[in-house]
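The values are calculated or read from the model by the stated rules, or taken from the named source; none is laboratory data. Computed from a predicted model, the values in this text were never measured in an experiment. Every residue, glycine as well, gets a Cβ built from its backbone with ideal geometry; the counts of neighbours run over all protein chains shown. Accessible surface areas use protein heavy atoms only, side chains included; no ligands, DNA or RNA. Shrake-Rupley method; radii C 1.70, N 1.55, O 1.52, S 1.80 Å.
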Amino acid sequence: MPYVRVAVEVPVGGLFDYRVGDADAAVVAGQRIAVPFGPRTLVGVVMETDVTPAVPPERIRAGRVLGDLAPLAAPWLDLLRFCSAYYHHPLGNAVGAALPALVKTERPISSTLWTRYAPTAALPTFPKRERTSARLAAALTAAPCFGHELVSTSPKTLALLEDWRARDWIAEAPRGGFVAAPAPPLGAEQAAAVAAVERDLEGGRFTATLLQGVTGSGKTEVYLRVAARALAAGGQVLVLVPEINLTPRLIDQFRQRFPQSTVVLLHSGLSDSERSHNWLLAHAGGADVVLGTRLAVLASLPRLALIVVDEEHDPSFKQQEGMRYSARDLAVYRAKRESVPILLGSATPSLETFAHALSGRYARLVMRERAVADAALPAVRVIDLAVNRAEHGLSAPVMEAIRERLQRGEQSLVFLNRRGYAPVLSCAACGWVSACSRCSAYLVMHRRRGLASGGSLLCHHCGYAEAVPAACPTCGNVDIRGYGQGTQRLEVTIAQAFPAARVLRIDRDSTSRKGAAEALFDQVHAGEADILVGTQMLAKGHDFKNLTLVAAINVDAALMSADFRASERLFAQLTQVAGRAGRADKPGVVLIQTRFPDHPLFQAVVAGDYDRFARGLLAERERAGLPPATFQALLRAEASKLETALEFLKRAAASGVPAEAVEIYDPVPMSLTRLMNVERAQLLVESRSRPALQAFLDRWLDWIGRQPPGAVRWHIEVDPLEI
């Protein structure tokens, strides 16, 4: 009787052996299988076949192969094995994280869902009482449709589709030839970039290419051109973006350029049903372009021909829960494993990618000019707050610049990367501050309708909320105030200063409802806003034709951060938001308010000299022994008491596991020590050698896993971005 080894989504390392019946003797790796696990039945994935069990046959339980889905291909299985091994995460959980909800259930998966249908002849006319049939006929008559697009209208639709197909009323719509809509002419730098990547596509070989282009240089057009070549050859294209709010406009561009290609989204903002259907469409080869956030890198793509990672420097590509993977790094591994080109786009590449480009490991294409003929890079000026005092967060030069744009009918953007009304509420009489009772953080004051005292206090870490008190909870003083600036307060200040202006705030609070972000961006493009106030949501990927002024305020905080990556991120952030100005034929200006106008970072931003700035940072990191010169991992522990977490980490540090070429640091509390009433600590290990670090982690985590767990929860994070 054949035996198979199965990955099951349970918090236990390793694979599990099951037997399958004679009828399933032809089972292959990558198939779904329903298996008993304790009292439950779970759906896993066959990873190995024809195995020899390590336990007596009578102890091995039987599984049931689900043959309703094409097996997951070997490259996909290898990708998940790599994820599990490199990030030291149970393979079953890695596979489970990659699969959508529908695939992890026993419910039969009908191929009707990802088949596109068209009528074979004129469909019957249905009476009004058969509304579902009438709607289905109308939809299919209008245009070919995928099953999952039709099933969402009524639960009866799936049965109707299968019945109509059996009657030969409908059939699978033939795939048309590849069609691309007319494209704008390329500039010289764009054309050179396209030609270089197309050579790699034609050669069918892996090449990692950094596309380093200034904001507005037309990187998206390069993506579209090389995607066209991959699609015309019958391949699939994977496009990764860092944030959900960047997907609507980009997917519109792909759909308009490739009207007969199927372009789908994959991100966490989709419902389980939407994500499942799009994933299945990609797995079946029906989706030509898959565009999504970091989870899309784990999609099954049997015809993968090209990977694009836009804004590759963005920290949002790093997963912070569960399997803590880097989607950018996995995309590079996947491209190499499947011998396809990968394009990494950014105006401010991550230091890791930049170092690879300097060493020759990655190819590098540079675009220094903006794509629009009359568009020039904005002029960047630093406003010295020691000379120009800021009133309510805004200096006189910034206010005057906004006034000038209003008079000319142009748009302005005021950038503040802090949402809410005020970062903290405090009492001047006794010193009380609005601290979160569950986290070692302040409650942020928000202005919301319908709550007492005109607002609420929110914790941005755990979600705790309470009404703003009418008086100090400690001494009863009624003169309590919000200190500092948030986007809500800035919006009020600007609206009061310019009462005739249309002020639009765009941040996570104003875009929390589904579709809200798209609606707000549509307002901006339609010219229905004069002044934009917002966070990093506005900093990248948006092309506002009439926006000519960007003012960045409260940027000095990053210079005081203990995070060694803070300056790298601040440079990228300022460069990205500055790039929103002057993207059409109107010159743009960027004003940066700071108390440190002579700081090298601001001088580099003014000069637009990323290369010099990055080379300086790389030299600093090399001298300090910091990434990318070294490789790091964090062991984090959580417990009800901080001492318990620290003691666990001390025992781990003293484990006695050989640590050749690896340095183990002392355990320390995390910067946000308490989160949701859980105390947290961490221990850093690092090495100049990635293989040495990985070999140590294998031995070390095996030792830790064999210790009594006690009252501590722990996890490992490889290549952490926050320490």
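Descriptive notes on the structure:
- Of the trypsin sites (Lys or Arg not before Pro) in the stretch 89-181, those whose Cβ has at most 11 other Cβ within 10 Å and which sit in DSSP loop: Lys128, Arg129, Arg167
- Measuring nothing but how far apart in sequence close Cα pairs (under 8 Å, 6+ apart) lie, relative to its length, the chain scores a relative contact order of 10 percent.
- Taking amide H as placed 1.01 Å from N in the peptide plane, the amide H of Ala347 sits under 5 Å from that of Gly213, each at least 5 places away or on another chain.
- Residue ranges 34-42, 185-193 sort as 185-193, 34-42 when ordered by packing (mean number of other C-beta atoms within 10 Å per residue, highest first).
- Taking a Cβ cut-off of under 9 Å around Glu638, the surrounding Lys, Arg, Asp and Glu residues balance to a net charge of +2, with basic ones at +1 and acidic ones at -1.
- With Cα atoms defining each centre, the stretch 1-62 and the stretch 423-449 are spaced 53 Å apart in the structure.
- Shown for the stretch 541-639: the carbon plus sulfur share of the solvent-accessible area, taken with all protein chains present and a 1.4 angstrom probe, equals 54%.
- Across the protein chains, with a 1.4 Å probe defining accessible surface, the residues Arg623, Arg324 rank Arg623, Arg324 from largest area downward.
- Within the accessible area of the stretch 463-518 (1.4 Å probe), percent carbon and sulfur: 50
- Cα gyration tensor category, rounded, prolate or oblate, for the stretch 269-351 with a/c compared to 1.5: oblate
- For the chain, the solvent-accessible area works out to 44 Å² per residue, with a probe of 1.4 Å and every protein chain left in place.
- 5 angstrom amide H check on Tyr325, placed H, neighbours 5+ away: Gln319
- Calculated from backbone phi, Karplus (6.51, -1.76, 1.60) coupling profile of the stretch 680-693 in Hz, x at Gly/Pro: 10, 9, 8, 9, 9, 10, 8, 7, 6, 10, 5, x, 5, 5
- The distance separating the Cα centre of the stretch 601-669 from that of the stretch 350-374 comes to 26 Å.
- Subset of Lys219/Lys545; Lys318/Lys650; Lys219/Lys586; Lys318/Lys540; Lys104/Lys540; Lys104/Lys514 violating a 24 Å alpha-carbon distance limit: Lys318/Lys650; Lys104/Lys540; Lys104/Lys514
- For the residues Glu528, Glu312, Glu48, a 1.4 Å probe over the protein chains yields an accessible-area ranking, largest first, of Glu528, Glu48, Glu312.
- Proximal lysines relative to Lys128, as straight alpha-carbon distance under 27 Å, when same-chain residues fewer than 8 apart are discounted: Lys156
- Helix-only CD estimate at 222 nm, as mean residue ellipticity for the chain, using -39500 (n - 2.57) per DSSP H run (n ≥ 4): -9500 deg cm²/dmol
- Under 16 Å from Lys336, Cα to Cα: aspartates and glutamates that are on another chain or at least 8 residues apart: Asp78, Asp200, Glu202
- Using the Karplus relation 6.51 cos²θ - 1.76 cosθ + 1.60 with θ = phi - 60°, the per-residue 3J(HN,Hα) values for the stretch 137-144 come to 4, 5, 5, 5, 5, 5, 5, x Hz, with x marking Gly and Pro.
- Coupling constants for the stretch 290-306 follow from the phi torsions by the Karplus curve (6.51 cos²θ - 1.76 cosθ + 1.60, θ = phi - 60°), and in residue order they are 10, 10, x, 8, 4, 5, 5, 5, 9, 5, 8, 10, x, 10, 4, 10, 7 Hz; glycine and proline get x.
- Percent carbon-and-sulfur accessible area, the stretch 246-380, ignoring ligands, DNA and RNA, probe 1.4 Å: 44
- Modelled FRET efficiency - R0 22 Å, Glu663 with Arg713, Cβ distances, 0.05 increments: 0.30
- One Cα centroid belongs to the stretch 278-313, the other to the stretch 545-593; the line between them spans 31 Å.
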